[in-house]
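Scroll down for the structure; my scribbles are underneath it.
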Amino acid sequence: MTTAAFPWSRDQNSEVWQLTHIYDDCSVLHCFKGHCIWLTPDILKQDGNWGAWSKFGSCSRTCGTGVKFRTRQCDNPHPANGGRTCFGPSYEFQLCNNQDCPDDHEDFREEQCRQWDPVFEYQNTKHHWLPYEHTDAKERCHLYCESKETNDVVYMKRLVHDGTRCSYKDLHSICMRGECLKVGCDKVIGSSKQEDKCGVCGGDNTHCKVVKGTFSRAPKKQGYLKMFDIPAGARHLLIQESDATVHNLAIKNRETGKFILNENNYVPDSKTFIHMGAEWEYRNDEDREMVQTMGPLRHSISILVIPHGNGKISLTYKFMIHEDSLNVDDNNVLKDPVPYEWALKKWTQCSKPCGGGYQFTKYGCRRKNDLKMIRRSYCESISKPRPIRRMCNLQECSQPTWVTGDWEPCSKSCGKTGYQVRSVRCIQTLHDNTSRSVHTKYCSSDRPEGKRVCNRELCPAQWWIGPWSQCSVTCGNGTQERPVLCTTRENITGFCKEDRPETTRLCRLPSCPKNSSDTSKKTYMIQWLSRPDTDYPIQKISSKHCKGDRSMFCRMEVLHRYCTIPGYNKLCCKSCGMYANETEHGNSTDFTSTLATSVEDHIPHRATGPPDVAMVNISSSNATIEQPEGNTLDAPYKIHEMENEVPQHNIIWRRRPPYERTKNQRIQQLIAEKRKKGMLRELR
């Protein structure tokens, strides 16, 4: 038999023991108080059920819309032995006493705050507590009160009574157990029905009248000066001075005689306050006062002025009221023929941030009945008031200073062109701890550096090796060359860590044929001697048997110095003969600035030492004479015609001078043709 047992437990609320099943192959048993028993009818699971509703209790208010409740219990029967509890609300409520309250109890929230006057001390002092509407809608069903003496707002740590209005902007929604209950103007919970502008539930404003007037009076004596009265039932009331004056407004309840604003000649600062069950806003903007409220006014009020001096006082007023309540005889008010007006919208930005500037008024088009700003086109037919100018930002200006930003990353990681920049601005600090950017001429100190070089080192590179050229001769021993460059991937000069690869090497071709009469195809070895050799005296240059130059380069003046070499003299016998004649007549030319630097630069003097050898390759297409280092031009030498290879250690490699310079146009043309054909090799 397979058994699964679970521990018994007890419901803390109903004090009923819970049963846990034990399963076997043939029957079902239950655990009850630690014992395995069979289920009987008296211990079966029992679900709960609601009992009958109680009667509704008393209304939370005697007037002005209250709430009454009734309840029911989950006891028909109680849930037992793990049975389910009842589903649904355990209470219901209804609105009650919807009639308006008498004048003395028109504001339920105000009454609750006033009850704390004799019993609650704040900061060791008793206060007169006024109602306060919290700016957070979630807190409006909690009781907050404002001190009349200090304007301090204090949370009384309790909910408002059921039936208290959630907001002074909503005349019908009420608080119920800390939550705002939406109520329409038809006194139905959850209804969306609203009053129109003059208080008609579900109305369309057709019975609303807009009244507007202006009163101007000059004070004749000290004390309160009455301007006009506003009737009860007025909504969307706006009262303001036509011009800025030194006088002050005051408002008094005509029914009670109590002051709403500026009681006992006390002029308050701009503020928002609660009175007569409505929210009021008072503003004093540079001696131009304004008072407004959405209402409705439960009592008529008197608009007064506290004069200071003999200046004329002009007040404008405007409000909406139901046509049945309109009384034009008492106040001489008229229906507003123009529903729109120009109104102050804002001041322009000050022309200067410091040092004294100006700003001007900007007007917008406003609808009179609800004071809402609308499109300017509605006011096109109305004369627009002239803008008002005033001074602003009178504080002195601070001295601007240079402010630099962070350096940006370098533009290159290596090479010769990397640079980095940073922002450099002339900044002036303003009085409100903000700053602005001004022209650089206002910063007196030297401008900080805004650009600098960076990463100016050679880029990592590698050797680029080109192919070997053809051998410099067609037979015998010659040389080969190849280009070797140290470059980066971007084909710019870099730094190569490895040794430079070989750029020149010896090439060995089959030996030239013997008894060849073409001396241009032969290879000679010139052995330069450190002293005269009687077996090989210096041969004199002779022009006999000369049949003309064998190379087109013989006419180049820079090569005439080699005419003392027999091999070159034989190759260029005609040119060397002409050069010898010019020398005899004193017309020799200085060639030191043409071939490379000078012949002496390539052939430094060396008086002593073992003989050196230079190889001379002479052909009809290329006549190159290479001098060994360590010998002078007129030093003794021997010329050997080579049939075999020349030892590599006796070869003096050529050095690369620039191309020959000449003013002879014919020679220039020939050089250009040879360059095109690739037959002119650079001298090394």
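Taking region 193-210 as the range and being touching a residue at least 24 places away in the same chain (Cβ under 8 Å), surrounded by fewer than 18 Cβ atoms within 10 Å (Cβ to Cβ) and assigned to a strand (DSSP E or B) as the test, only Glu195 passes. Which condition breaks for Ala80 when tested against (1) of a type outside the set (Phe, Trp, Tyr); (2) out of contact with any helix residue (DSSP H, G or I) (no Cβ under 7 Å at 6 or more places or on another chain); (3) modelled with pLDDT under 90; (4) under 30 Å from His299 (Cα atoms)? Answer for Ala80: the failing condition is (4). Exactly one residue out of Ala244, Ala250 is part of a loop (DSSP other than H, G, I, E, B) and either out of contact with any Pro (no Cβ under 7 Å at 6 or more places or on another chain) or more than 27 Å from Ile388 (Cα to Cα) (or both): that is Ala244. The test for being surrounded by 12 or more Cβ atoms within 10 Å (Cβ to Cβ), at pLDDT 70 or above and closer than 30 Å to Lys182 by Cα does not hold for Lys55. Residues satisfying the criterion are absent from region 262-272 (criterion: crowded, with 17+ Cβ neighbours inside 10 Å and under 26 Å from Arg367 (Cβ atoms)). Here Gly213 meets the list (1) at negative phi; (2) buried (at least 19 other Cβ atoms within 10 Å of the Cβ) almost entirely, failing just condition (2).
Restricted to region 393-406, and to residues there that are touching a residue at least 40 places away in the same chain (Cβ under 8 Å) and part of a loop (DSSP other than H, G, I, E, B), the residue that is nearest to Cys443 (Cα to Cα) is Pro400.
If you check Asn81, Asn151, Asn76, Asn98 for being in contact (Cβ under 8 Å) with a residue 40 or more places away in the chain, surrounded by fewer than 18 Cβ atoms within 10 Å (Cβ to Cβ) and farther than 17 Å from Ile274 by Cβ, only one passes: Asn98. Just a yes or no: is a residue in region 216-229 farther than 30 Å from Leu130 by Cβ and either in contact with a Leu (Cβ under 6 Å, 6 or more places away or on another chain) or surrounded by 15 or more Cβ atoms within 10 Å (Cβ to Cβ) (or both)? Among the residues of region 216-229, at least one is farther than 30 Å from Leu130 by Cβ and either in contact with a Leu (Cβ under 6 Å, 6 or more places away or on another chain) or surrounded by 15 or more Cβ atoms within 10 Å (Cβ to Cβ) (or both), which makes the answer yes. Just so you know, in region 356-392 the residues that are over 36 Å from the mean Cα position of the chain (by Cα) and part of a strand (DSSP E or B) include one that is farthest from Ile239 (Cα to Cα), and it is Arg389. The single residue among Cys86, Cys74, Cys113 that is modelled with pLDDT of 90 or more, touching a Phe, Trp or Tyr at 6+ places or on another chain (Cβ under 8 Å) and not in a loop (DSSP other than H, G, I, E, B) turns out to be Cys113. If a residue must be assigned to a loop (DSSP other than H, G, I, E, B) and at pLDDT 90 or above, how many such residues does region 339-350 contain? Number of matching residues: 3. For the structure I just gave you, tell me whether Ser302 is of a type in the set (Ser, Thr, Tyr) and touching a residue at least 60 places away in the same chain (Cβ under 8 Å). Here the answer is yes, as Ser302 does meet what is asked. With respect to the conditions (1) surrounded by 15 or more Cβ atoms within 10 Å (Cβ to Cβ); (2) at pLDDT 85 or above; (3) under 47 Å from the mean Cα position of the chain (by Cα); (4) not aliphatic (A, V, I, L, M), Ser469 lacks only one, and its number is (3).
The values are calculated or read from the model by the stated rules, or taken from the named source; none is laboratory data. Computed from a predicted model, the values in this text were never measured in an experiment. Glycine also receives a Cβ, built like all others from the backbone with ideal geometry; neighbour counts cover every protein chain displayed.
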